[in-house]
1. Limited to region 30-45, what total is found for residues that are under 16 Å from residue 19 (Cα atoms), touching a residue at least 24 places away in the same chain (Cβ under 8 Å) and not in a strand (DSSP E or B)?
2. Within region 59-74, does at least one residue satisfy the condition of being assigned to a helix (DSSP H, G or I), more than 21 Å from the chain's Cα centre (by Cα), at pLDDT below 75 and of a type outside the set (Asp, Glu)?
3. Can you find a residue that is of a type in the set (Lys, Arg) and either loosely packed, with under 14 Cβ neighbours inside 10 Å or touching a strand residue (DSSP E or B) at 6+ places or on another chain (Cβ under 7 Å) (or both) anywhere in region 68-77?
4. Scanning for something surrounded by 10 or more Cβ atoms within 10 Å (Cβ to Cβ) and modelled with pLDDT of 65 or more, does region 107-119 turn up at least one residue?
5. Provide a single number: the residues in region 33-46 that are surrounded by 14 or more Cβ atoms within 10 Å (Cβ to Cβ) and in contact with a Leu (Cβ under 6 Å, 6 or more places away or on another chain).
6. Quickly run through region 13-29 and pick out the residues that are in a helix (DSSP H, G or I) and either of a type outside the set (Lys, Arg) or touching a residue at least 40 places away in the same chain (Cβ under 8 Å) (or both).
Amino acid sequence: MAFYTAREVKRILKLENHTIRYWVKEIPLIQPKRDKQGRRLYAERDLQILLRLKYLLYDRRFTIEGAKEQLFRELAGDQQDLRAQISALRSELVELYLLVNKNENNQADTKVDQNRKPSDDIIPTPQR
């Protein structure tokens, strides 16, 4: 499972740390862990909730209370199963994309020039 530092979350969300900390305090669904040095580490699920919360607050103009209720509705009941399936499918697609790109890069590296002769690989020794 991927974890994100507070600095990475700040960069991804393009928000200040105090705003993120306030949201964490107001929305009990977001539960960052702490590392040995006391730094906040956000799980992938926390980041997804924060991104959705930002959308609800800034784009849809919800209040913090309205956004909290909407998040609880979305994460409960029938929509939870659908969201879990979509998330799993998205993860599989990303893995397949990375695998295809890796294979394409390997094939490009191993492609042999048809006009090349084995003697081309011999490095000429300098003449004195």
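The values are calculated or read from the model by the stated rules, or taken from the named source; none is laboratory data. Every value quoted in this text rests on a predicted model; they were computed, and no experiment measured them. Ideal geometry is used to build each Cβ from the backbone, glycine not excepted, and the neighbour counts take in all protein chains shown.
1. So the count comes out to 1.
2. no
3. Kept after step one, since they are of a type in the set (Lys, Arg), are these residues of region 68-77: 68, 73.
In the following step, the residues that additionally are either loosely packed, with under 14 Cβ neighbours inside 10 Å or touching a strand residue (DSSP E or B) at 6+ places or on another chain (Cβ under 7 Å) (or both) were identified as 73.
Yes: region 68-77 contains one or more residues that are of a type in the set (Lys, Arg) and either loosely packed, with under 14 Cβ neighbours inside 10 Å or touching a strand residue (DSSP E or B) at 6+ places or on another chain (Cβ under 7 Å) (or both).
4. To start, the set of residues in region 107-119 that are surrounded by 10 or more Cβ atoms within 10 Å (Cβ to Cβ) comprises none.
No, the conditions are met nowhere in region 107-119.
5. Count: 0.
6. Taking region 13-29 first, the residues in a helix (DSSP H, G or I) are 13, 17-26.
13, 17, 18, 19, 20, 22, 23, 24, 26, listed by residue number.
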